[in-house]
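Quick notes on the structure that follows.
The values are calculated or read from the model by the stated rules, or taken from the named source; none is laboratory data. Predicted, not measured: the structure shown is a model, and the values here were computed from it. Using ideal geometry, Cβ is built from the backbone for each residue, glycine included, and neighbour counts are taken over all protein chains shown. Side chains included, ligands, DNA and RNA excluded: accessible areas come from the protein's heavy atoms. Shrake-Rupley method; radii C 1.70, N 1.55, O 1.52, S 1.80 Å.
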Amino acid sequence: MASRSPALAWMLAAVVVAAGVIPILIPSMATLVVLILAKGIVVLGIIILLQAGQVSFGHAMFFAAGSYTAGFWGKYLGVGDLMTYLVVGPVVATLLGLLVGLFVVRYREIFFGMLNLAFSMVLWSLLEKMFHLTNGADGMRVPRPTVFGMTFSPDNFQYVLLYLTLAIAIAATFAVQRFLESPTGNMLRAIKSNETRLEYLGVSARRILLIGYVISAGLGGIGGVLVAVAQQIATPEFAYWTKSGEFVFIAILGGVGNALGAFAGSAVFELVRFYASAQLANSWQLILGVVLITIILFAPNGLIGLWKRQRAARDES
Amino acid sequence: MTATVLLEARGLAIRFGGVVAADGVDLDVLEGEKLAIIGPNGAGKTTFLNIATGYLKPQAGTVRFLGKEITAHRPRDITRFGIARAFQIPQLFLDHTVIENLLIAAAGHSGRTTLMRSLRDLPERSEMENLLDLVSIRDVADRKAGELPEGKRKLVDIAVALALKPRLLLMDEPTSGVASSEKFAIMDILVAALDKQRVTSVFVEHDMDMVTRYADRVAVWSAGKIQLSGPPAEVLADPIVREQVIGI
């Protein structure tokens, strides 16, 4: 945790260069990289909650809140600006996070996870059933927005979106890492190891968890806006429990001990899905399942943990 | 000379099913003293600490701290009033280092829940390092609490409580689980630290050697009541106490 090793900084640099350069060489990868980064931003939020030992199986609701903000804006207010979406989407998700958080932070473990799931499924059914407002299962189109008031061609737009997403992902990674090192971030980890003692220090564990929850909801909103804009659509599936499960899956895959794990996990997840679904249209989930089982059995600290362990072994020899 | 009454319990009663832990307990803790509570196993000594810190609510009776009623308050509020607690089994953040455990306590005490400043750079850091010196565990400052032997963990647990700058420290068997050869060393360190910080203390204790050597006053808790209290030499010489509590 809280690793400031130069090796990690180099790895971050490598990831940034890869994410920035590969899509120039292979333009068809641009949208895929945006999805990887955007989902990684959502997973940062999952990682924050996992510090406190809590797993949310409903975090897709905040992701959907961000996506649908862009969708509603396009339908009712006309084509908006990406910057507006990136401000309003996370604000909506944060407010929803505060509202839901006030309930769920009273619970722990399975109750916390399931209550989150229940809230997200309420949102899913609202999005699906209120079709006059939301277009139901068809979802809401998200037309290509302007950026700082400028209109871009589809080709240029995908690069603008890519580099903006990359910049947000870097900023979010540093901010989250910083947060985890702060007193509040450390108190989140203290909830996991000894909540009773935390209360005996005069600290409200619920308040600390609420702070983490609201931040993680905001991150979900940012990711939701970016994915909706990249795919030009927001559908009720964005709030469905399988989506929430996907985020938790990615977090475990990447490793929860470090903010970079979110992006490592997201990259592997999306790439496996991309190539496996091309080869095995109906059984790509099977391959993902095998990948996850392998990770849990052989690298319980995720990809980042695996990498750190190898470095440690090399430093010793 | 009358010392200030720091903690004042009146008529405390609580039972768990058929077990009567307290049935009209009256007990005062005076500013500056070291009060030992002794009694047979299961008499309710720990229950008293649980009530005084708000973890349990008594079925009857009141607890006042500096004249203010605290009976119905939560542990975190009572902590903020100035009562800290050390546990029989050390309650630490095992994934954190020793200094981080203290810094989390310091942050909790000052209400410093800033998001962008690192825990390790808190202004209280040097103060916490001094506290580690005071309880002689500076050498393990950067070890994870989970890796330490029980004796050290006990001292960390007490240091975490002292990081809250309490007026009153409640301790549950500060030397239980520690090898008997280390007990006096740990208590020497602890008592010196309490004196230096001018913290009033209450400790539940089984070991009569500890009581004789370190307590200013002893209260005997038996059959749900305080049977007797006074200077250790006097109380421990009482024939009933010798028979029922010490078991001679």
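Scanning region A:215-257 for residues that are at pLDDT 95 or above and open to solvent by 30 Å² or more (accessible area, probe 1.4 Å) turns up A:Ile215, A:Ile222.
Would you check if there is a residue in region A:140-156 being open to solvent by less than 50 Å² (accessible area, probe 1.4 Å), in contact with a strand residue (DSSP E or B) (Cβ under 7 Å, 6 or more places away or on another chain), part of a loop (DSSP other than H, G, I, E, B) and on the phi < 0 side of the Ramachandran plot? Yes, region A:140-156 contains at least one residue that is open to solvent by less than 50 Å² (accessible area, probe 1.4 Å), in contact with a strand residue (DSSP E or B) (Cβ under 7 Å, 6 or more places away or on another chain), part of a loop (DSSP other than H, G, I, E, B) and on the phi < 0 side of the Ramachandran plot. Among the conditions (1) crowded, with 23+ Cβ neighbours inside 10 Å; (2) more than 7 Å from chain A (Cβ to nearest Cβ); (3) charged (D, E, K, R), B:Arg74 misses just one, which is (1). Condition check for B:Ile78 on (1) under 15 Å from the mean Cα position of the chain (by Cα); (2) farther than 19 Å from B:Ile186 by Cβ; (3) in contact (Cβ under 8 Å) with a residue 60 or more places away in the chain: one failure, at (3). With respect to the stated conditions, A:Ala278 fails to be without any contact (Cβ under 8 Å) to a residue 40 or more places away in the chain and within 14 Å of chain B (Cβ to nearest Cβ). Quick check: anything in region A:55-63 surrounded by fewer than 24 Cβ atoms within 10 Å (Cβ to Cβ) and out of contact with any His (no Cβ under 9 Å at 6 or more places or on another chain)? For region A:55-63, residues surrounded by fewer than 24 Cβ atoms within 10 Å (Cβ to Cβ) and out of contact with any His (no Cβ under 9 Å at 6 or more places or on another chain): present. Within region B:107-132, being in contact with a Pro (Cβ under 7 Å, 6 or more places away or on another chain) and part of a helix (DSSP H, G or I) holds for B:Ala107, B:Leu119. Checking B:Glu129 against (1) more than 10 Å from chain A (Cβ to nearest Cβ); (2) exposed (fewer than 14 other Cβ atoms within 10 Å of the Cβ); (3) more than 23 Å from B:Ile83 (Cβ to Cβ), which single condition isn't satisfied? Only one criterion is unmet by B:Glu129, namely (2). Of the residues A:Ile211, A:Ile287, A:Ile222, the single one that is farther than 20 Å from A:Leu86 by Cα, away from chain B (no Cβ under 14 Å) and in a helix (DSSP H, G or I) is A:Ile287. Taking region B:82-95, which residues are touching a helix residue (DSSP H, G or I) at 6+ places or on another chain (Cβ under 6 Å) and farther than 21 Å from B:Gln197 by Cβ? Result: B:Phe93, B:Leu94, B:Asp95. None of B:Thr71, B:Thr79 is in a helix (DSSP H, G or I) and under 30 Å from B:Ala13 (Cα atoms) except B:Thr79. Cβ-Cβ contacts under 7 Å between residues 6 or more apart (or on different chains), taken from a first residue in region B:109-124 that is facing chain A (nearest Cβ under 7 Å) and more than 15 Å from B:Arg76 (Cβ to Cβ) to a second residue that is in a loop (DSSP other than H, G, I, E, B) and among the hydrophobic types (A, V, I, L, M, F, W, C), are listed as B:Arg112/B:Leu122.
Considering region A:177-205, the residues that are open to solvent by 10 Å² or more (accessible area, probe 1.4 Å) and within 21 Å of A:Gly221 (Cβ to Cβ) include one that is farthest from the other protein chains (Cβ to nearest Cβ), namely A:Gln177. For region A:64-79, filtering for residues that are open to solvent by 10 Å² or more (accessible area, probe 1.4 Å), touching a residue at least 24 places away in the same chain (Cβ under 8 Å) and in contact with a Gly (Cβ under 7 Å, 6 or more places away or on another chain) leaves 3. Checking B:Ile99, B:Ile104, B:Ile89 one by one, the residue that is open to solvent by 10 Å² or more (accessible area, probe 1.4 Å), under 19 Å from B:Leu155 (Cβ atoms) and either assigned to a loop (DSSP other than H, G, I, E, B) or of a type outside the set (Asp, Glu) (or both) is B:Ile89 and no other.
Within region A:107-139, work out how many residues are among the polar types (S, T, N, Q) and either surrounded by 20 or more Cβ atoms within 10 Å (Cβ to Cβ) or touching a Phe, Trp or Tyr at 6+ places or on another chain (Cβ under 6 Å) (or both).
So the first thing to find is which residues in region A:107-139 are among the polar types (S, T, N, Q), and the list is A:116, A:120, A:125, A:134-135.
When the remaining residues are screened for being either surrounded by 20 or more Cβ atoms within 10 Å (Cβ to Cβ) or touching a Phe, Trp or Tyr at 6+ places or on another chain (Cβ under 6 Å) (or both), the result is A:116, A:120, A:134.
Within region A:107-139, residues that are among the polar types (S, T, N, Q) and either surrounded by 20 or more Cβ atoms within 10 Å (Cβ to Cβ) or touching a Phe, Trp or Tyr at 6+ places or on another chain (Cβ under 6 Å) (or both) number 3.
Taken over region B:133-190, the residue count meeting the criterion of being assigned to a helix (DSSP H, G or I), within 14 Å of chain A (Cβ to nearest Cβ) and either open to solvent by 50 Å² or more (accessible area, probe 1.4 Å) or among the small types (Gly, Ala, Ser) (or both) is 6.
For every residue, the table says whether it meets (1) of a type in the set (A, V, I, L, M); (2) within 21 Å of A:Arg189 (Cα to Cα).
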{"site": "B:Ala106", "(1), (2)": "yes, yes"}
{"site": "B:Glu124", "(1), (2)": "no, yes"}
{"site": "B:Asp133", "(1), (2)": "no, no"}
{"site": "B:Ala159", "(1), (2)": "yes, yes"}
{"site": "B:Arg167", "(1), (2)": "no, no"}
{"site": "B:Glu173", "(1), (2)": "no, no"}
{"site": "B:Ser176", "(1), (2)": "no, no"}
{"site": "B:Ser180", "(1), (2)": "no, no"}
{"site": "B:Phe184", "(1), (2)": "no, no"}
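From A:Leu292, A:Leu271, grab the single residue that is open to solvent by 50 Å² or more (accessible area, probe 1.4 Å) and either of a type outside the set (Gly, Ala, Ser) or touching a residue at least 60 places away in the same chain (Cβ under 8 Å) (or both). Talk me through it step by step, then tell me what you get.
Numbers: A:Leu292 fails: open to solvent by 50 Å² or more (accessible area, probe 1.4 Å).
After ruling out the rest, the residue left standing is A:Leu271.
When restricted to residues that are more than 25 Å from B:Lys57 (Cβ to Cβ) and either aliphatic (A, V, I, L, M) or free of Cβ contacts under 8 Å to residues at least 24 places away in the same chain (or both), region B:1-29 contains 3.
Does B:Glu69 qualify as being away from chain A (no Cβ under 14 Å), closer than 24 Å to B:Leu228 by Cβ and acidic (Asp, Glu)? When the stated conditions are applied, B:Glu69 does not pass them.
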